[in-house]
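Right, one structure below, let's go through it.
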Amino acid sequence: MPRLPPVTLYLLWILTGAFVLQLVTGGGNAANSPLVDWLALWPVGSEGFGGGGFLPWQLVTYAALHGDFIHLFFNAFMVWMLGAMLESQWGTRRYIQFVLACVLAAGAVHLLFGLLGVFPAGPALGISGLAYGLLLAYGLMYPNQQLMLVIPPVPIKAKYLVMILAGLALFMGLNSPGGVAHFAHLGGMLGAWLVMRYWRGDPPFGKRRPTLRSVR
């Protein structure tokens, strides 16, 4: 296996370490860990420690926590598979910008739709916003690249997969609001789209800036 670029490697270590701490402090159940009270993204207006309350740092720290091993596995897999490739092309600095844009946008969109009452109030956790942002970036850069789905095992072009996943996230967010932060997934895609347009100097940002050839 090729050596992982640094940010991708550190992210995988952070995600794994945080999950182990959740298990240890939660009596074997990651979702019951007191870390969720401090670090998960709680709705704006909630107060206090120990029972959950919104704090500014949660807009970043929520991404390190996960509800169970399956949740962690699929997110870490996307970071490993797509994140390593994109970091190698963009470089460390731009990849850090990309990660922060996806995580912050995912958290902000989740909070916004929570304030609008679209879904029941509750904490959000997981780096799925970045995973969806990575998918969008890959689809924009390599729209006609064939990807093989696991279920069902059929090939599909990257651009179509991105559209299908975005449509499903929107549909599920509006019609099945409990349990999964679907709007955070869309927020991660929004953050990815915005930061890539910023690099290129496209609207709504200013004049074109020097950019990597791989940012399309």
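Check Gly173, Gly187, Gly201 and return the single one that is open to solvent by less than 40 Å² (accessible area, probe 1.4 Å), at pLDDT 90 or above and farther than 16 Å from Tyr138 by Cβ. So the residue among Gly173, Gly187, Gly201 that is open to solvent by less than 40 Å² (accessible area, probe 1.4 Å), at pLDDT 90 or above and farther than 16 Å from Tyr138 by Cβ is Gly187. Scanning segment 109-145 for residues that are open to solvent by 50 Å² or more (accessible area, probe 1.4 Å) and part of a helix (DSSP H, G or I) returns Leu112, Phe113, Leu115, Leu140.
Within segment 8-31, residues that are open to solvent by 70 Å² or more (accessible area, probe 1.4 Å) sit with their Cβ atoms under 7 Å from residues that are assigned to a helix (DSSP H, G or I), at 6+ positions apart or across chains, in these pairs: Ile14/Ala64; Leu21/Leu35.
Considering only residues in segment 66-108 that are of a type outside the set (Gly, Ala, Ser) and outside any helix (DSSP H, G or I), the one that is most open to solvent (accessible area, probe 1.4 Å) turns out to be Asp68.
When Gln89 is tested against the conditions (1) farther than 25 Å from Met196 by Cα; (2) more than 17 Å from the chain's Cα centre (by Cα), the lone failure is (1). Residues in segment 40-80 that are at pLDDT 85 or above and of a type in the set (S, T, N, Q): Gln58, Thr61, Asn75.
The values are calculated or read from the model by the stated rules, or taken from the named source; none is laboratory data. On a predicted model such as this, the values are computed, not experimentally measured, just so you know. All Cβ positions, even for glycine, are placed from backbone atoms using ideal geometry, and neighbour counts span all protein chains on display. Accessible surface areas use protein heavy atoms only, side chains included; no ligands, DNA or RNA. Shrake-Rupley method; radii C 1.70, N 1.55, O 1.52, S 1.80 Å.
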